[in-house]
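Heads up: the structure comes next, in C-alpha cells.
The values are calculated or read from the model by the stated rules, or taken from the named source; none is laboratory data. Because the structure is predicted, anything quoted here is derived from the model rather than measured. Note that we place each Cβ from the backbone using ideal geometry, even for glycine, and neighbour counts take in every protein chain shown. These area figures cover heavy atoms from the full protein model, side chains too; ligands, DNA and RNA do not enter into them. Shrake-Rupley method; radii C 1.70, N 1.55, O 1.52, S 1.80 Å.
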Amino acid sequence: MNRKWIDRITAGAVFLWALALYVSTMAPTVSFWDPGERIASAFKLQVMHPPGAPFYLLLGRLFSMLAPSEETVALAVNTISVLASAGAVMLTHLIIVRLVRRWQDDRDEVTTGQYVIALVSGVVGALTYAASDSFWFNAGIAEVYALSTFFTALVVWLVLRWSEAARREEALLKGTGSHLFRLDANRYLVLIAALFGMAIGVHLLSLLAFFFVALIVFFVEFDREEWTTQQRWGRLVLAGAISSALFLAIYPGIVKGLPKVFDATGAPFIAVLGIVGLLAYGIYTTHRRRMPRANLAVLCLTVILIGYGSYALVFVRSTTEPSIDMNDPDNIERFIDYLEREQYGNTPLLSGVSYNDQSGRVPRDGTESLFPRRHSPNAQHWQVYDRYNSDLSFFLDYQIGYMYMRYFLWNFAGRASDKQGATWMTGIPLLDQHVNSESLRETPSEKEARNMYFALPLLLGLFGAFYHFNRDWRRAFSVFVLFFVTGIGIIIYLNQTPMQPRERDYSYVGSFLAFSLWVGIGAGGLLQMVYESIKDTMSGWSQTLPLLATGLLVFLAVPGWMTVENYGDHDRSENYVARDYAHNMLSSVDENAIIFTNGDNDTYPLWYLQEVEGMRTDVRVVNLSLLNTSWYIRQLKDHATYESEPLPISMSNDEIQKMRPRRWKPRQVKLPVQTAALKSRLQPYLPETSADSSALESPMTWQLEGRSYGQDQQILQVADLAVYNMLRTNAENGWERPIYFAVTVARSGQLNLQNYFQLEGQAYRVLPIKHNQPLGRVIPGLTDQRMSEFRFTNLADSSAYYNENARRMVDGYRLHFSHAAERLARTGHTERGRTLINELTTNVPFSTIPGDIQTLMFTARAYRAIGAPERLASVLEEAQPVVFNELQTASGQRQFSRALFYAGRVRSAFQKAEQTDALDAFDQRLDQLLAQAPYSVPPRIRRAYGLTSDSAAGQPGAPTQLPGGARPAPSGGGSPSGGVPSGGGGSPSSPPSNE
C-alpha cells in the first residue's frame, strides 16, 4: 500500500479512537461551572462573561440549530468540544510524526522499520494526550478549552508543514539569490495568522503558540550552519525579543488597543472604514510593486483583524439588551472594560505592592516591589501569605509547585483523588509516602477518581525530551518554549492568589500537549533502540514484527493503561446533576419570584434551563456576586426578562453608579408589613395553631450585623445594599413579589434574615413570620410538596461517576430534607416526614453519594424523629468511619475540635438508640485513636464533648479550652445556620472569576 495512504489511515484511526472515547463519555446535558452560561449564550447569541468568546458562540449557535429539540441543545453544543478534542488528538499524532521524520530520511526513502517508528511514536504520544486527565476533562462539555487546544495544535502542525515546504522550495531555488519570505510556502503563514485571529474569539491561550511559530521560522529562514554557538544564541535572544514585540502587538496591542483607537476618534464606523481602506491599499500596493515581505506582513495583519472581527458580535448583540448581557458592553467605553476584564480588577505583573511580613497585610499604598506575588488585598489570603517568608518562596512553592507541578504530575504520574487540593500519586509506595491513605474513601466514584500510572508517562516523556534534544535540538528547543510559555508562562502572567474556588488545571492543557509530544518521541526513541539492534539481521517488513510488538507494549503500558484508569472518572454520560439541580431550585419558588444565588454553580445551570429549555421564565435569577457591579443592578432595574418584570429597585441610575461598600454599625432595620392585606395571601404560611408563637410581624424588625471586615469592623457590600433596597421596595409595594435566597447562599450574604426564612425546597422565602429554626421554617403540605417534585436522575446508580463538586452539591440536599422531615415529625406530620426522608435516601443512597459528618447527623436526627431505629442504625454505621477519619486527618486544633464535637454527637445517638454493642465498639475505637492523637484529651475534655459514659445525655457542655488553645464546637445540633457552599467561586464581594 502507498505510504501516504498508510499515513492517512493511521491518522484517521487515531481520530476515530479519540472520537469514540469522547462520544462515549460526553455530558448529555448541561454541566456545572461555565457550560450553562456558554450554552445559553450560544443558543441566543448573548453576551457571556468577559473577555468573551464570540467565535465559539457563533459555532455554538450553528451546532444548536442542528439540535432536534431544546432538550438536546446542550448535547449539540457539547459536541463542539468532542470534535475539537478528537481533532486536536489527531493533529498531535501528525505533529509527532513530522518531528520524528525530521531526523529521518524522506518518507519514501526511509526503511520500513524507521517508517513504523514514526507512526508508532505519533500514536503513543497522541493517545497519551487523549487520555490525559485535564484534556479529557474538557473534551465532553461546552467549554472553550478543547477548541482552543485544537487551534494550538493546528497552528503547530501547519508551521511544521510550512518548514518542510519552505525547505523543499529553497532547495529548488538554490543559487538564485535570497528568498527570505518570498516563497509560495508562505501561504501557510497567512493561514496561521488567520487562525490566530479566529482563536482570539475563542481563548487567548491559543496565541501562545506564536512563540513556537517564531522559532520555527527563525530556524528555517535565518539560522546558518556557519554560526558559532555564541552567535546563534545571541541571534536567538534577538529573535525572542522581536517575537515578543510582535506578540505584544497582537495582544494587548490589537485586542485591547484597537477599541481604544475607535474611542479616541469619536467615530468608530469611520475609523473601521479607514483601517479597511489602509489594509486594502497596503495589499494592493505591495503586490503591484513586488514587495513580497511587506505584502506578507500586511496580509497577515489583515487576516488577524478579520478573525478578531468576531468581537463585533459582542458589541452588536449587547445593543439589543439580551437577558444575558455581561458588563453591558453596548458602547465603546464599556466594551473596552469588557475586553480588559475590568470587573475582576488588576493583577500586578512585574511591579506592585506586595505582602508586608512585619504588618501581616498588603498595604493599600505601600512601596512597590519587583515581581510581586503576594499581592491580594483580601484579608483571608494574608493568612496564607504568612506561611511563606518571601514572594519568591510563594511563587516557587505555591504558584509553581501547587498550581502547576501538581497538575502536571496529575496528568503524567497519577492522581490521588478528585477532591479539591488532591495531591499526585503514582501507585509506587516508595514515591507515595506523601499521600494520606486514611483519607481515601471507598464509594464507587471515589474509587474511580484514584488514578495511578506508575509515573510511566512521566518517565517516557522525560526520556523523549532528552532524546529529542539529542537528535534535533532546534525543534526540541521550540517544543520546550511551547511547553514553558503555556505552563510556567501562564503562572507568571496570572499571578494567582491562594484559595482558588476550583482547580485550574484546564489552563495548562497547552503545556501538557507539548509534553505529550515528548511522550511520543520517547516511544520512538525506545523503538529506535530496538531497530538499531535488528537492522543488520532483518530487513524490509520483517523488521516490523519486533517493532510493532515493542510499540504494542509501550501502548498498553502508557496510553492504554491511562485510558483504562481515567475512563471511569471522565465518564459523564449518565450525569444529570447540574440540570436536576437547576430544575429543583426553580421548582422550589413561587410564581413571579426573585431568587438570589451565590456563584457559578447555582446560577449558570438555572440560566441554561430558562434560556434554552424555557423553564420558569417568570423567575428572575439574581447572582449576588454580579450584584456588586453597577451595570448588573441597572439591568435588573430597567429591563424585563421574558415573563419577569424589572425588579423593585428604588434607586436612580446615578445613585446606582455611585454605590460603594459602606462601613456599617450593627443596628436594627425594619420593613413595612401591611398585615390586613397580606394575611389572606400568606394564609398557607401562617401558624396551624394559636399555640404557635409565629405570626405576621409588623413592622418586620431585625438586627443587621453586616459582614466582618478586619478587626472589629463591619461593612455592607454593594450587593448587600442592593438586596436590602429590593427587600424594602418590595415590602413597600405590598410584598408583591416572592423573594428567595437559594440555600447555597453563604450566611454572610443572607443579611441576618435566617429567623424569617421559610424553607421551600432548595430556597428560603423571606416572609415577616419570625421563628427560631436555623434552616428555615417548614410548612407542612408546602415544603414537602415542593421537595417531592425534585429530580434525582441516576443518583442511585453506583456505576455512574460523580466528581467531588457534584457529590458535595447533592449531599447538600440531605441537610434540608432531613431538617424538613424532622420538623414535620415534631409537628405531628410523621408520615409526611417519613415519606420525604425515605424517598431521598432511596434516590440518593450514601453508598453512591457519601455524606459528610454534618449531613449524616442530620439524617440520623430525622430518622430518630420519625421513629425508624433500623434506618437510624444504618446511618450511624455510615457516620462512624467518617468521624474517625476526621479525627485521624485533622490538620489543626480547630479541625480536631470539630471532629471531637461530632464524635460526641455520634456517641450520643448510639446512647439514645440504646445500641449497646455498637456503643462499646465505638468507644474502643475512639480510645485507640485518641491514644495516637497529636493532642492530649483529658477526662474533663472528653466529658465536655460527651465522650464518656458519665456525660450528661452525651451532650457537649459549655465550651472548654483544649490543650493548645482550641475550643470545642458549640452545641445545639451542629446546624450550619446557613447555606451549603455552591462551589460557585470566590468571595461574594466580587464577581465570579472565570478564566
Result row for the chain, helices from DSSP H with C-alpha axial extent 27 Å or more and mean Kyte hydropathy at least 0.5, is 3-25, 73-101, 112-131, 145-172, 229-248, 268-288, 509-534
With the 8 Å Cα cutoff and a minimum separation of six or more residues, the stretch 446-549 has a relative contact order in percent of 38 percent
Magnitude of the Cβ-charge dipole (Lys and Arg +1, Asp and Glu -1) of the stretch 440-487 about the Cα centre, nearest 20 debye, reported as 200 debye
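Keeping every protein chain in place, order TYR801, TYR22 by accessible area at 1.4 Å, biggest value first, i.e. largest first.
TYR801, TYR22
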Once normalised by the length of the stretch 134-216, the mean sequence separation of its alpha carbon contacts under 8 Å that are 6 or more apart gives a contact order in percent of 43 percent
Matching label for the computed mean projected area of the Cα convex hull in nm², out of [x] 49.3; [y] 45.4; [z] 55.9, is [y]
For LYS535, the lysines lying under 23 Å Cα to Cα, once residues fewer than eight places off in the same chain are dropped, come out as none
Expressed in angstrom and rounded, the centroid-to-centroid distance over alpha carbons for the stretch 741-815 and the stretch 622-636 is 24 Å
Taking the dipole of the stretch 559-691 about the Cα centre (Lys, Arg +1; Asp, Glu -1; charges at Cβ), the one of MET585, GLN610, VAL621 that reaches farthest to the positive side is VAL621
Rounded to the nearest 10 Å², the 1.4 Å probe accessible area of ASP654 is 110 Å²
Restricting to lysines and to Cα separations under 16 Å from LYS679, and discarding same-chain partners fewer than 8 apart, the set is LYS770
Rounded to the nearest 10 Å², the accessible area of ARG293 using a 1.4 Å probe with every protein chain kept is 110 Å²
With +1 at each Lys and Arg Cβ and -1 at each Asp and Glu Cβ, the charge dipole magnitude of the stretch 480-569 around its Cα centre, to the nearest 20 debye, comes out at 160 debye
In terms of the charge dipole of the stretch 712-833, which places +1 on Lys and Arg and -1 on Asp and Glu at the beta carbon, the residue among TYR756, PRO780, TRP735 farthest towards the positive end is PRO780
Measure of exposure for HIS639: accessible area at 1.4 Å probe, Å² rounded to 10, is 60 Å²
For the chain the mean separation of alpha carbon contacts under 8 Å (6+ apart) over residue count, i.e. relative contact order in percent, is 12 percent
Cross-link reach from LYS637 to lysines, straight Cα distance under 17 Å and at least 8 residues apart if same chain, gives LYS658
Measuring from its Cα centre, the chain shows a charge dipole (+1 at each Lys and Arg Cβ, -1 at each Asp and Glu Cβ) which, in debye to the nearest 20, is 1600 debye
In the stretch 603-689 the accessible area split gives carbon plus sulfur, as whole percent at 1.4 Å, a share of 49 percent
Asserting the computed 222 nm helical MRE of the chain (DSSP H runs at least 4 long, -39500 (n - 2.57) per run, divided by residue count, to nearest 500) equals -16500 deg cm²/dmol
Projecting the Cα atoms of THR827, GLN668, PRO845 onto the charge dipole of the chain, where Lys and Arg contribute +1 and Asp and Glu -1 at Cβ, the residue farthest towards the positive end is GLN668
